[in-house]
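Asker: Before anything else, here's the structure in question.
The values are calculated or read from the model by the stated rules, or taken from the named source; none is laboratory data. Fair warning: this is a prediction, and the values are worked out from it, not measured in the lab. Glycine also receives a Cβ, built like all others from the backbone with ideal geometry; neighbour counts cover every protein chain displayed. Heads up: the accessible areas ignore ligands, DNA and RNA and are worked out on the full protein's heavy atoms, side chains in. Shrake-Rupley method; radii C 1.70, N 1.55, O 1.52, S 1.80 Å.
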Amino acid sequence: SVIFIQDFSQAMSQAGSSQFQEVIRQELEYSMKVELDKILATAHSNEIEHTKKDLEGFKKLFHRFLQEKGPSVDWGKIQRPPEDSIQPYEKIKARGLPDNIASVLNKLVVVKLNGGLGTSMGCKGPKSLIGVRNENTFLDLTVQQIEHLNKSYNTDVPLVLMNSFNTDDDTKKILQKYSHSRVKIYTFNQSRYPRINKETLLPIAKDVSYSGENTECWYPPGHGDIYASFYNSGLLDNLIAEGKEYIFVSNIDNLGATVDLYILNHLMNPPNGKRCEFVMEVTNKTRADVKGGTLTQYENKLRLVEIAQVPKAHVDEFKSVSKFKIFNTNNLWIALSAIKRLQEKNAIDMEIIVNPKTLDGGLNVIQLETAVGAAIKSFENSLGINVPRSRFLPVKTTSDLLLVMSNLYSLNAGSLTMSEKREFPTVPLVKLGSSFTKVQDYLRRFESIPDMLELDHLTVSGDVTFGKNVSLKGTVIIIANHGDRIDIPAGALLENKIVSGNLRILDH
C-alpha cells in the first residue's frame, strides 16, 4: 500500500514555527547531499555520468518531498470533469479512418513499461518473460502485435521498452530472438534511486553497487520516471529526429493495451484542429476497481487523483462507483515534442508517492515514487477517452492468468479477443487461494485449463487440483479445508456447485 507524506508533515506541524521547520528542512537536505556525494565517490569512471544524473534526479524528488505539505488534495476543489473532457470511444471510432492511415502510424512509437519483476507471482526475473498463452510471454505477444501492424500497413512502428536495473540484463538477452522480426526494438533504463531509512531519512546504501547484499538499497522510482529517463537517454531526441510524434505508453502486463487506430487518428487529425498533448484511456469502474485512480477537474485542469491522495474522511466517497464512474487504465498517448518542452523547462509536476517497505532484516525504509499519469495536468489540451473494458486486461495474479489462458479469449496476431461464444462481454470473477499464488504451483494444479465460457464466479481455496477437460459454469466454489485435498476428476462438469471437504473423486 502507498501513503503520501504524513509522518513527516505531522512532525513538521508539531515542530511549530515555520522558521524552525525551514531549519530542519535545510539540515535534512544538507545531510542528504553529503551522503549522496559519498555514494557518488565510490563510482567507477564509466558509471559516474549516469549515477550523477540519477542522484541529481533523486535530490530534486527529495527536495519536493520535504517541501510538500501532506497527502491531500483539497477535496472542496475537486469537480467532475466537464462533459467534453472525457470523450466516449464510440464517438471517436465513428469518425472512421482516413485512407492514409499508414502515414499516421509512421508517426507512432509504442512504449511498454517493463521495469517490474515477476516476484508477486513467484517468478524470478522480468515479469514480461512469464508465459501467458500458448508458450508466449507478455513480450512475445507485444512484438507479435506490432509486427502484425507493420506488415499489414507496411509501416515502421518501433517498440521501446523502459527497463529497470532489475530487468535490463535479462530483457536484453531475450531480445536477440527478435532480431529477424519486423520491429525495431529500443530500450532505455529507468533511474536508480536510493531507498531511505524511515527514521533518519538518509540513504541506506553506502556505495553505488547494487548486487549482493546491496540489492535492497536501490529501487526504480515508479513509472512517472519515464519523462526524465526517456529524455536523458537521448532516445527521445532521436525519435523526434526520425519524424515520430506520439508515444503510446502502457504496462507490459496489460494484454488489452494494443495500438488503437481510431484513437491515433483522433490525435493526429483532431476534429477541431487543435491537437491533444496527452490522452488518458479511462474505463468504467466495476466493484473490483474501487482503488483505481480517477480523472477529475481541479483548478481548471484535468487531474488524476489516486486513492492515496484522498483525505481519510472522503475515501468511501472516492471508492463509490456512483460519484467517480471511471478509472485510469494507464494506457496513455503523449506528444513527444511536449515531453521535450516540459522536460527542458523542468515543468512536469507529479505528486510524490511515498511507498513504505520493510526489508528482509526488518528495517523500515521508504521509497519516493511518481506515476506517469499524474503528469496529465502539466500538458496542454489533455483529454480522457472512455474506452471499452476490453482495453484493460492486466495480469497481476494467477487468477488473472487463468482468465487469459482460458477459452474466454482467442489469440490472433498477438492480440487477445473475447470469444464470441461468451454470451455477455464481462469477465468472470475468479479468486484462487494461496496454493495457486506462484505460477509453477498454479500450473501444476491444472492438467488443462477448464472450459470457462459460461462461468460467472469461481472461488478456489486450499489443496485443489483439476483434471483434464473440466467445465465450470455459473458460480463454483471449491474449498478444501486444512489437511484435506480435493481432486476434480477429468471431464467433470461443475455448474452452480459448492464443493468442500476431502474429495478424491467427485460424483458427477
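Asker: Hey, any hits in segment 202-211 for a residue that's out of contact with any Asp or Glu (no Cβ under 7 Å at 6 or more places or on another chain) and free of Cβ contacts under 8 Å to residues at least 40 places away in the same chain?
Answerer: Within segment 202-211, one or more residues are out of contact with any Asp or Glu (no Cβ under 7 Å at 6 or more places or on another chain) and free of Cβ contacts under 8 Å to residues at least 40 places away in the same chain.
Asker: Considering Tyr227, Tyr193, Tyr219, Tyr246, which residue is of a type in the set (Ser, Thr, Tyr) and in contact with a Pro (Cβ under 6 Å, 6 or more places away or on another chain)?
Answerer: Tyr193
Asker: Sticking with this structure for a sec: With (1) under 25 Å from the mean Cα position of the chain (by Cα); (2) among the basic types (Lys, Arg); (3) not in a helix (DSSP H, G or I) as the list, and Lys60 as the residue in question, which single condition is left unmet?
Answerer: Going through (1) under 25 Å from the mean Cα position of the chain (by Cα); (2) among the basic types (Lys, Arg); (3) not in a helix (DSSP H, G or I) one by one, Lys60 breaks only (3).
Asker: Within segment 321-358, take every residue that is among the polar types (S, T, N, Q) and surrounded by 13 or more Cβ atoms within 10 Å (Cβ to Cβ) and give me the one that is nearest to Val249 (Cα to Cα).
Answerer: Asn331
Asker: Pairs under 8 Å by beta carbon, first residue closer than 25 Å to Gly243 by Cα in segment 105-118, partner assigned to a loop (DSSP other than H, G, I, E, B) and open to solvent by 20 Å² or more (accessible area, probe 1.4 Å), six or more apart or different chains?
Answerer: Close Cβ pairs satisfying both conditions: Leu105/Val259; Asn106/Asp156; Asn106/Gly243; Lys107/Gly243; Lys107/Glu245; Leu108/Glu245; Leu108/Val259; Val110/Val259.
Asker: Among the numbered criteria (1) open to solvent by less than 40 Å² (accessible area, probe 1.4 Å); (2) modelled with pLDDT of 95 or more; (3) assigned to a loop (DSSP other than H, G, I, E, B); (4) of a type outside the set (Phe, Trp, Tyr), which one does Arg422 miss?
Answerer: (2)
Asker: Inside segment 359-389, can you point out the residues that are in contact with a strand residue (DSSP E or B) (Cβ under 6 Å, 6 or more places away or on another chain), more than 25 Å from Leu201 (Cβ to Cβ) and open to solvent by less than 20 Å² (accessible area, probe 1.4 Å)?
Answerer: Residues satisfying the conditions are Gly373, Ile376, Phe379, Leu383, Gly384, Ile385, Val387.
Asker: Next up: Exactly one of these conditions fails for Asn469: (1) open to solvent by less than 80 Å² (accessible area, probe 1.4 Å); (2) more than 17 Å from Val395 (Cβ to Cβ); (3) outside any helix (DSSP H, G or I). Give me its number.
Answerer: Here Asn469 clears every test but (1).
Asker: Which one is most open to solvent (accessible area, probe 1.4 Å), of the residues in segment 261-314 that are assigned to a loop (DSSP other than H, G, I, E, B) and more than 26 Å from Leu342 (Cα to Cα)?
Answerer: So, considering only residues that are assigned to a loop (DSSP other than H, G, I, E, B) and more than 26 Å from Leu342 (Cα to Cα), the one most open to solvent (accessible area, probe 1.4 Å) is Lys291.
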